[in-house]
Amino acid sequence: VLRTITGFHADEVGDWVAELSCLHAQHVRHDPPFRLRPWVGSEAGRAGHVGTELDCPLCDRAELPAGLELARTAGPFDASTLPAGLRRHHTVATGTWGVLRVIEGTVRFSMRVEPPLDVVLRPGAAQPIPPGVAHLVELDEGTIAVDFLRRPPPPAGS
Ligand SMILES: [Zn+2]
């Protein structure tokens, strides 16, 4: 999934890490001859790459970023109460991750990541859903809830 670079920070050994719009982070190394990114070493070079795109394999694997907190829970829904918007392809808002939880029954879940994900989820399953990725929930019999997670605001004074 292509994501926008929102900023950079240095890790504990001084390597540069891009912060992505999906709330994942990804090392960006100048590692000739394999990866040529001489710009990453300069502040101007990094600033010039904020707003550009980077492919995020963690989003394709639907790995929940660390450090998110629960913002709200939608549901529980069953087949008769599932909102119409969730019955067709839809996305989670920018800056927010969803976690589909199966409470009862089985749910088919598919998502347009690379490679595409198409799974049958059972009670107890918790399927992370990255922001901005089209996905579909097929609920014939069963009950689900969806948690929405966001990054907590930075502590005051930082
Ligand atoms: Zn990502």
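Inspection of the stretch 21-34 identifies at least one residue that is crowded, with 18+ Cβ neighbours inside 10 Å, of a type in the set (Gly, Ala, Ser) and under 15 Å from the mean Cα position of the chain (by Cα).
Taking (1) within 16 Å of the ligand (Cβ to nearest atom); (2) closer than 17 Å to ALA126 by Cβ; (3) modelled with pLDDT under 95 in turn, THR94 satisfies each apart from (2). Scanning the stretch 30-56 for residues that are within 10 Å of THR4 (Cα to Cα) and either at pLDDT below 95 or among the acidic types (Asp, Glu) (or both) yields a count of 2. The criterion of being under 20 Å from the mean Cα position of the chain (by Cα), buried (at least 16 other Cβ atoms within 10 Å of the Cβ), at negative phi and at pLDDT below 95 holds for LEU86. Somewhere in the stretch 52-67, is a residue free of Cβ contacts under 8 Å to residues at least 24 places away in the same chain and part of a helix (DSSP H, G or I)? Yes, the conditions are met somewhere in the stretch 52-67.
Residues that are in contact with a Cys (Cβ under 9 Å, 6 or more places away or on another chain) and part of a loop (DSSP other than H, G, I, E, B) were ranked within the stretch 22-37; the one that is farthest from GLY95 (Cα to Cα) is HIS24.
Please verify whether VAL99 is touching a strand residue (DSSP E or B) at 6+ places or on another chain (Cβ under 8 Å), β-branched (Val, Ile, Thr), within 16 Å of VAL146 (Cα to Cα) and within 16 Å of the ligand (Cβ to nearest atom), treating the condition exactly as stated. Break it down into steps so the answer makes sense when it comes.
Working: touching a strand residue (DSSP E or B) at 6+ places or on another chain (Cβ under 8 Å): yes; β-branched (Val, Ile, Thr): yes; within 16 Å of VAL146 (Cα to Cα): yes; within 16 Å of the ligand (Cβ to nearest atom): yes.
Yes; evaluated as a whole, the condition is true for this residue.
Identify, from the list ALA66, ALA79, the residue that is more than 11 Å from HIS24 (Cβ to Cβ) and among the aliphatic types (A, V, I, L, M). So that I can check it myself, show each step before the final result.
Values: ALA66 fails: more than 11 Å from HIS24 (Cβ to Cβ).
The match here is ALA79.
Taking the listed residues VAL40, VAL17, VAL13, the one that is surrounded by 11 or more Cβ atoms within 10 Å (Cβ to Cβ), among the β-branched types (Val, Ile, Thr) and not in a strand (DSSP E or B) is VAL40, with no other qualifying.
Close Cβ contacts (under 9 Å, 6 or more residues apart or on different chains) running from residues in the stretch 20-42 that are within 17 Å of PRO57 (Cβ to Cβ) to residues that are among the basic types (Lys, Arg) and within 16 Å of the ligand (Cβ to nearest atom) comprise LEU20/ARG3; SER21/ARG3; CYS22/ARG3; LEU23/ARG150; LEU23/ARG151; HIS24/ARG3; GLN26/ARG3. Please enumerate the residues belonging to the stretch 114-142 that are surrounded by 11 or more Cβ atoms within 10 Å (Cβ to Cβ) and either over 22 Å from SER21 (Cβ atoms) or among the aromatic types (Phe, Trp, Tyr) (or both). Those that are surrounded by 11 or more Cβ atoms within 10 Å (Cβ to Cβ) and either over 22 Å from SER21 (Cβ atoms) or among the aromatic types (Phe, Trp, Tyr) (or both): VAL119, VAL120, LEU121, ARG122, PRO123, ALA125, ALA126, LEU136, VAL137, GLU138, LEU139, GLY142.
Looking at this structure, is VAL119 over 9 Å from ILE144 (Cβ atoms) and in a strand (DSSP E or B)? It would help to see each step written out before you state the result.
On the way: over 9 Å from ILE144 (Cβ atoms): yes; in a strand (DSSP E or B): yes.
Considered against the rule, which asks whether it is over 9 Å from ILE144 (Cβ atoms) and in a strand (DSSP E or B), VAL119 comes out as yes.
Among the residues of the stretch 1-19, the ones that are closer than 30 Å to GLY98 by Cα, without any contact (Cβ under 8 Å) to a residue 40 or more places away in the chain and hydrophobic (A, V, I, L, M, F, W, C) come to 4 in all.
The values are calculated or read from the model by the stated rules, or taken from the named source; none is laboratory data. None of these values were measured; they are calculated from a predicted model. We place every Cβ from the backbone using ideal geometry, glycine too, and count neighbours over all the protein chains shown.
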